1. If we scan segment 2-18, do we find a residue that is under 26 Å from LEU199 (Cβ atoms), hydroxyl-bearing (Ser, Thr, Tyr) and surrounded by fewer than 17 Cβ atoms within 10 Å (Cβ to Cβ)?
2. Read through the list (1) within 19 Å of TYR132 (Cα to Cα); (2) assigned to a helix (DSSP H, G or I); (3) at pLDDT below 95, then give the number of the only condition that SER44 fails.
3. Of these, LEU195, LEU199, LEU167, which one is more than 30 Å from LEU106 (Cα to Cα), surrounded by 15 or more Cβ atoms within 10 Å (Cβ to Cβ) and at pLDDT 95 or above?
4. Considering every residue within segment 88-111, establish whether at least one is surrounded by 21 or more Cβ atoms within 10 Å (Cβ to Cβ), at pLDDT 95 or above and part of a loop (DSSP other than H, G, I, E, B).
5. Consider segment 170-192. How many of its residues are of a type in the set (A, V, I, L, M, F, W, C), within 21 Å of VAL43 (Cα to Cα) and either at pLDDT below 95 or buried (at least 16 other Cβ atoms within 10 Å of the Cβ) (or both)?
6. Pick out the one residue from THR37, THR78 that is touching a Pro at 6+ places or on another chain (Cβ under 6 Å) and under 18 Å from ASP124 (Cα atoms).
7. Return yes or no: is ILE55 of a type in the set (Val, Ile, Thr), under 22 Å from SER133 (Cα atoms) and in contact (Cβ under 8 Å) with a residue 12 or more places away in the chain?
8. Is it fair to say LYS158 is more than 16 Å from the chain's Cα centre (by Cα), surrounded by fewer than 17 Cβ atoms within 10 Å (Cβ to Cβ) and within 20 Å of TRP121 (Cβ to Cβ)?
Amino acid sequence: MTYIATKLLTFKDFLAQYGNNPRYELADGELIDIEPTGAHETVSGKIAAQINIAIASEKQPWFIPRTCLIRPLAEAITARRPDVIVLDETDLSHEPLWEKEPVITLGRSIKLVVEVVSSNWENDYARKVEEYSLLGIPEYWIVDYRGLGGIAFIGRPKQPTFTVCQLVGADYSQQKFRLGEEISSPSFPNLKFCLNDVLPR
């Protein structure tokens, strides 16, 4: 992840210039190049496939959009572009921007957000945990397939870790899963997979 030195952007300017470019997101008016790699996209794609199977089998009115931005707080000049997001189609009529732009502003529209950890692991484990909980997103997965996160977040020895954050009250409770352990998701109780299943070959 690279912060690009430039003048601060407004949310409106970011949408106009970079809204359709999956490489960029906005944090406090600063343009961020999220620098996705092939391995990162492999993990994201495999997770999305697992989720799509679960959505179809459970016959939920949910879907994974091809591209989508989250505006965590109306007063913040921030636009997050999660690696995977699951939306509830029945709630999208309440979204003020959705008809014109693929932008989500209400936590109730979101069932799950997934971030695949890269060099910006501090954002995934700290800042986004705060932003997504404030927005009221019920479930957030942090997929640290290379074990990059700090010891305070993934323990010692550092190893690949899949963290399921479930919103309880105003904060996330977190459950960690290692290689070979079956992941348990409150939103997808019938989903059966482990971190090994989504790793790059």
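The values are calculated or read from the model by the stated rules, or taken from the named source; none is laboratory data. The model shown is predicted, which means the values in this text are computed figures rather than measured ones. We place every Cβ from the backbone using ideal geometry, glycine too, and count neighbours over all the protein chains shown.
1. Among the residues of segment 2-18, at least one is under 26 Å from LEU199 (Cβ atoms), hydroxyl-bearing (Ser, Thr, Tyr) and surrounded by fewer than 17 Cβ atoms within 10 Å (Cβ to Cβ), which makes the answer yes.
2. The one condition SER44 does not meet is (3).
3. Exactly one of LEU195, LEU199, LEU167 is more than 30 Å from LEU106 (Cα to Cα), surrounded by 15 or more Cβ atoms within 10 Å (Cβ to Cβ) and at pLDDT 95 or above, namely LEU199.
4. Checked against the condition, which is being surrounded by 21 or more Cβ atoms within 10 Å (Cβ to Cβ), at pLDDT 95 or above and part of a loop (DSSP other than H, G, I, E, B), segment 88-111 yields no hits at all.
5. Counting residues in segment 170-192 that are of a type in the set (A, V, I, L, M, F, W, C), within 21 Å of VAL43 (Cα to Cα) and either at pLDDT below 95 or buried (at least 16 other Cβ atoms within 10 Å of the Cβ) (or both) gives 4.
6. THR78
7. Against the criterion (of a type in the set (Val, Ile, Thr), under 22 Å from SER133 (Cα atoms) and in contact (Cβ under 8 Å) with a residue 12 or more places away in the chain), ILE55 does not qualify.
8. yes
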